[in-house]
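Written out below as structure tokens is the structure these notes cover.
The values are calculated or read from the model by the stated rules, or taken from the named source; none is laboratory data. The structure displayed is predicted, hence computed values, not measured ones. FYI the Cβ positions are ideal-geometry reconstructions off the backbone, even for glycines, and counts take in every protein chain you see.
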Ligand SMILES: O=P(O)(O)OC[C@H]1O[C@H](OP(=O)(O)OP(=O)(O)O)[C@H](O)[C@@H]1O
Ligand code: HPA
């Protein structure tokens with residue numbers, strides 16, 4: 001798996017530092033509150049667990065499963081809800097946690113879908129933000145790294161469901177795509 005990587009963009013140490021910075025900011029911003037932290041499956045699993053352990057807060061957790069990349073490197077344009085949250089979010093301070101914000105379609109869908117339930121506040125924390133990928137308007141309140149317009153894998157991000165378990169974020173060698 002590691003042999004398929006052309007270049008590491010964000011190392012384990014880089015990611016750890018970003019989690020510490022974001023966790024400290026969220027701790028400050030939500031002091032005295034009890035936010036509901038909602039992770040967007042599946043890509044978020046590693047970031048969610050690392051970020052939460054940097055947040056010195058009493059928080060509730062939930063997960064939502066939506067999907068729009070079915071196999072390849074381009075968004076299908078259609079976001080499907082695979083699994084809803086189980087918490088009532090009315091009047092709650094909601095923090096959506098994402099691994100990456102790219103075309104913006106997933107976040108735009110989630111914002112519409114969840115804001116209809118009238119949370120008190122709705123904020124977004126993403127490890128990676130790819131502004132050049134944007135197709136619909138979407139923005140995050142907390143960002144780990146602004147990333148170049150390349151397809152990334154690792155630390156939760158997949159290509160055809162693989163490479164999620166790389167401990168860093170990187171770019172695949174071109175021959176990996178050619179061989180698929
Ligand atoms: O801004 P967008 O272009 O919508 O891309 C962002 C979304 O794409 C990925 O999820 P994906 O749909 O691949 O599902 P996964 O997390 O299960 O891999 C990622 O985890 C984000 O949720
Ligand atoms: O760059 C990416 N890599 C993996 N999954 C993604 N989903 C949106 N953008 C990406």
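Restricting attention to the stretch 30-53, the residues that are away from ligand 2 (no atom under 16 Å from the Cβ) and closer than 25 Å to residue 102 by Cβ add up to 8.
Here is the figure for the stretch 158-168: residues that are in contact with a strand residue (DSSP E or B) (Cβ under 6 Å, 6 or more places away or on another chain) and under 19 Å from residue 129 (Cβ atoms) total 1.
Considering each of 78, 6 in turn, give the residue that is assigned to a loop (DSSP other than H, G, I, E, B), within 16 Å of ligand 2 (Cβ to nearest atom), over 17 Å from the mean Cα position of the chain (by Cα) and surrounded by fewer than 16 Cβ atoms within 10 Å (Cβ to Cβ). Step by step, each of 78, 6 is checked, and only 78 is assigned to a loop (DSSP other than H, G, I, E, B), within 16 Å of ligand 2 (Cβ to nearest atom), over 17 Å from the mean Cα position of the chain (by Cα) and surrounded by fewer than 16 Cβ atoms within 10 Å (Cβ to Cβ). In the stretch 101-180, counting only strands (runs of 3 or more DSSP E) that sit wholly within it, the ones holding 3 or more residues that are without any contact (Cβ under 8 Å) to a residue 40 or more places away in the chain span 121-129.
Between 89, 96, the distinction of being more than 11 Å from ligand 2 (Cβ to nearest atom), crowded, with 21+ Cβ neighbours inside 10 Å and at pLDDT 95 or above belongs to 96 only. Per the listing 65, 102, 84, the residue uniquely modelled with pLDDT of 95 or more, surrounded by fewer than 17 Cβ atoms within 10 Å (Cβ to Cβ) and closer than 30 Å to residue 176 by Cβ is 65.
Checked against the criterion of being at pLDDT below 95 and exposed (fewer than 14 other Cβ atoms within 10 Å of the Cβ), the candidates 148, 174 yield just one match: 174. Residue count for the stretch 124-144 satisfying the condition of being away from ligand 1 (no atom under 12 Å from the Cβ) and buried (at least 17 other Cβ atoms within 10 Å of the Cβ): 4. When residue 46 is tested against (1) in contact (Cβ under 8 Å) with a residue 60 or more places away in the chain; (2) in a loop (DSSP other than H, G, I, E, B); (3) under 24 Å from residue 176 (Cβ atoms), exactly one condition is not met: (2).
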